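Have a look at the structure below before the remarks.
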Amino acid sequence: MKTNLLKIVGLAIIAIAYSSCSKTDFIDEQNEAIASQQRDDYVANFIKKYGPVDPNKSWDMASMQPDYSFTPAADAAPATTRGTRSVNVTKGTGFKVEQNVLAWCFNNIPAGKDNTNKGKSFYVTVPENSFTIVPIFQGTASYYWELWMHVEGVGEIQVWKKGDNLGYRTAAGGALSSPGTSNAGIAKAAYEVEAPTYTFSGLPQGASMYYYLKSWNSVSAYNNDADKTHYNKLTSLNQMMISLNATAGGCPVPADVPAGYNVTIIGCEDNDKTNSDHDFEDLVFLSYGLPPSVDPEEYYSYITKRYMLEDLGSTDDFDFNDIVVDVTQESKTTITYKLVNGVKTKDNETTVVNRQWAEVRAAGGTLDFTISIGSSSWNKKARLSPVETMRNTGWEGATINYDAVLDRFDITNKDWKPAENNITVVVDGRGRNLGVQTITFPKEGTIPMIIAVDKTEKWMVERQSVPDSWIQN
């Protein structure tokens with residue numbers, strides 16, 4: 001009897017355990033079925049909204065143009081907007097550039113030839129008094145650009161635009177011709193150039209400063225870029241501008257430069273480092289009144305990628321603001337030099353990843369989620385409770401603050417891989433959205449739930465779909 005009783009109890013325990021496992025398995029299967037149906041509905045609605053996706057379409061649309069600084073950032077990448085300090089600029093015209101200067105440019109930095117060895121990367125420091133910048137030569141280049149300078153502690157200051165108030169004559173006393181804004185440049189037959197001048201004062205003495213071009217593929221690309229944010233950034237720090245008078249037989253100095261001033265003449269490249277021909281004749285400008293240029297020994301660079309995500313709270317909603325997170329990488333570049341025949345020459349350059357961090361900018365969904373970037377994670381419920389609250393997405397007419405940071409977390413092992421987009425989001429559904437969604441960065445040609453853009457791209461207000469141009473281009 002005792003034996004039979006033990007058998008009955010044992011069978012009951014097995015039955016309960018089996019029933020419990022079956023129930024759990026059933027719930028898991030049911031939740032996965034719901035999640036799978038949500039994904040299918042999302043794909044169908046996406047195609048209905050935007051049409052079929054090009055099989056080669058990449059959802060990584062971020063160019064990650066770098067920002068640079070001479071000191072590491074405190075909590076975020078350096079600001080890329082104009083500073084608040086009062087900057088005085090006096091604009092002039094009629095600066096003469098003689099034929100011998102133009103001949104030097106044509107002969108010593110010829111178009112289409114790699115002229116990297118004609119100069120070196122550099123930065124400068126702000127003097128006590130004023131200094132002047134003059135564009136003196138414009139080569140054959142189809143790209144359109146703006147010349148800017150970054151002053152540490154101040155920000156970004158625009159100097160000049162391609163072709164602006166620049167002209168050349170082919171004979172003494174002749175009419176001025178424009179080098180244009182496309183591919184023409186200054187003609188080889190030019191007798192002289194008349195150039196604008198830009199004299200700056202009021203900047204903090206001793207502040208470090210570098211130059212850079214904002215470069216667009218064409219003048220039409222520039223005109224079509226409403227926010228003027230889709231450009232390549234080419235700087236004097238990373239040898240996309242070089243100091244041309246740093247070598248023997250350097251560029252002559254125009255006679256209109258006042259006596260007694262230190263002069264630096266700079267050649268610029270207008271295409272990115274990978275595709276550049278490195279001829280450095282696309283733009284040549286000079287500065288006078290600045291101390292001698294400085295060889296960079298250490299600086300920091302920053303790249304940021306903005307991830308925008310849909311959490312499937314609604315399968316016909318494509319505002320991609322349920323999660324918006326910016327991921328930034330700070331790298332440190334160190335350059336050493338040696339003397340070669342008495343000339344200071346670059347010996348070695350190393351760049352290492354210094355830090356990585358993420359900033360949550362918007363949280364429009366009402367579901368809980370966990371972001372994993374590399375081996376670091378962030379949970380909405382733990383950091384931004386209650387999860388149902390929509391934050392910084394323009395819900396019910398609220399104003400979006402595109403500078404706001406809702407929360408910040410470090411990528412502790414510095415294992416974010418920008419090229420691989422190793423970001424995963426796990427969404428914990430409830431109600432009609434029951435089921436756990438694991439969202440990874442999409443492959444080319446698939447229907448996306450995550451997209452990557454530059455940090456200058458603004459996310460949408462609630463229920464406003466992202467532009468067709470983001471999907472179809």
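Give me the net charge of residue 256's neighbourhood, meaning all other residues with Cβ under 13 Å from the Cβ of residue 256; Lys, Arg count +1, Asp, Glu -1. The partial results should precede the final answer.
Numbers: positive: 96; negative: 98, 192, 194.
In short, -2.
At what distance in nm do the modelled label points of residue 297 and residue 398 sit from each other, each positioned 7 Å from its Cα along Cα→Cβ?
Spacing of the two 7 Å Cα→Cβ label points: 4.9 nm.
Once you keep just the Cα pairs under 8 angstrom separated by 6 or more residues, what percentage relative contact order results for the chain?
Working: 1042 pairs, mean separation 88.9, N = 473.
RCO, the chain: 19 percent.
Quick one: putting +1 on the C-beta of Lys and Arg, -1 on the C-beta of Asp and Glu, what dipole do you get for the chain around its Cα centre, in Debye to the nearest 20?
Values: 43 positive and 57 negative charges, 90 e Å.
Rounded to the nearest 20 debye, it is 440 debye.
Cα-Cα over 24 Å: which of 214/305; 228/305; 188/228; 96/120?
188/228; 96/120
Classify the chain as rounded, prolate or oblate from the Cα gyration tensor: take a ≥ b ≥ c as the square roots of its eigenvalues, call it rounded if a/c is under 1.5, otherwise prolate when a/b beats b/c and oblate if not.
prolate
Farthest toward the dipole's positive end in the chain, which of 280, 293, 88, given Cβ charges of +1 (Lys, Arg) and -1 (Asp, Glu) about the Cα centre?
About the Cα centre, the residue reaching furthest to the positive side is 293.
Given a 1.4 angstrom probe, what's the average accessible area per residue across the chain, in square angstrom?
Per residue, the chain has an accessible area of 46 Å².
How many angstrom lie between the C-alpha centres of region 192-252 and region 134-172?
After rounding, the separation between the Cα centres reads 7 Å.
Name the residues whose placed amide hydrogens come within less than 5 Å of the amide hydrogen of residue 207, ignoring near sequence neighbours (fewer than 5 apart) on the same chain.
The answer is 126.
Roughly speaking, to the nearest percent, how much of region 252-353's 1.4 Å accessible area is carbon and sulfur?
Reported share for carbon and sulfur atoms: 47 percent.
Would you work out if region 125-198 is rounded, prolate or oblate? Take a ≥ b ≥ c from the square roots of the eigenvalues of the alpha-carbon gyration tensor; rounded if a/c is under 1.5, else prolate when a/b is larger than b/c, oblate otherwise.
oblate
Place a point 7 Å from the Cα of residue 103 along the Cα-to-Cβ direction; which residues of region 160-200 have their backbone N under 19 Å from it?
In region 160-200, the label zone of residue 103 (backbone N under 19 Å from the point 7 Å along Cα→Cβ) covers 168-174, 186-194.
Have a look at the DSSP beta bridges in the chain and tell me what percent are antiparallel, nearest 5.
Approximately 100 percent, going by the DSSP bridge assignments.
Pop a pseudo-label 7 angstrom from the Cα along the beta-carbon direction at both residue 189 and residue 130 and give the gap in nm to one decimal.
3.8
Can you give the calculated 222 nm mean residue ellipticity of the chain, where each DSSP H run of n ≥ 4 adds -39,500 (n - 2.57) and the sum is split over every residue, rounded to the nearest 500 deg cm²/dmol?
Calculated at 222 nm, the ellipticity per residue is -5000 deg cm²/dmol.
Under a 1.4 angstrom probe, counting protein chains only, how are 328, 229 ranked by accessible area, largest first?
I get 229, 328, largest accessible area first.
Which stretch or stretches of region 118-143 have amide N atoms under 15 Å from the point lying 7 Å from residue 91's Cα along the Cα→Cβ direction?
Once the point is set 7 Å along Cα→Cβ of residue 91, 133-135 turn out to lie under 15 Å by backbone N, inside region 118-143.
Could you tell me which of 446, 219, 45 has its Cα farthest along the dipole of the chain towards the positive end, charges placed at Cβ (Lys, Arg +1; Asp, Glu -1), taken about the Cα centre?
Of 446, 219, 45, it is 446.
What is the set of long-range amide H partners of residue 240 at a cut-off below 5 Å, with H atoms built 1.01 Å from backbone N?
For residue 240, the qualifying residues are 235.
Within a Cβ distance under 10 Å of residue 364, other residues only, what is the Lys/Arg minus Asp/Glu net charge?
Numbers: positive: 391, 463; negative: 310, 311, 317, 319, 322, 462.
Net charge in that neighbourhood comes out at -4.
For an R0 of 35 angstrom, estimate the FRET efficiency from the Cβ-Cβ distance between residue 172 and residue 113 and round to the nearest 0.05.
The formula returns an efficiency of 0.70 here.
What list of ³J(HN,Hα) values in whole Hz, one per residue of region 464-470 in order, does the Karplus curve 6.51 cos²θ - 1.76 cosθ + 1.60 (θ = phi - 60°) give from phi, with Gly and Pro shown as x?
9, 5, 5, x, 4, 4, 5
The values are calculated or read from the model by the stated rules, or taken from the named source; none is laboratory data. A quick note: this is a predicted structure, and the numbers were derived from the prediction, not measured. All Cβ positions, glycine included, derive from the backbone under ideal geometry; neighbour counts span all protein chains shown. Only protein heavy atoms, including side chains, enter the accessible area calculation; ligands, DNA and RNA are left aside. Shrake-Rupley method; radii C 1.70, N 1.55, O 1.52, S 1.80 Å.
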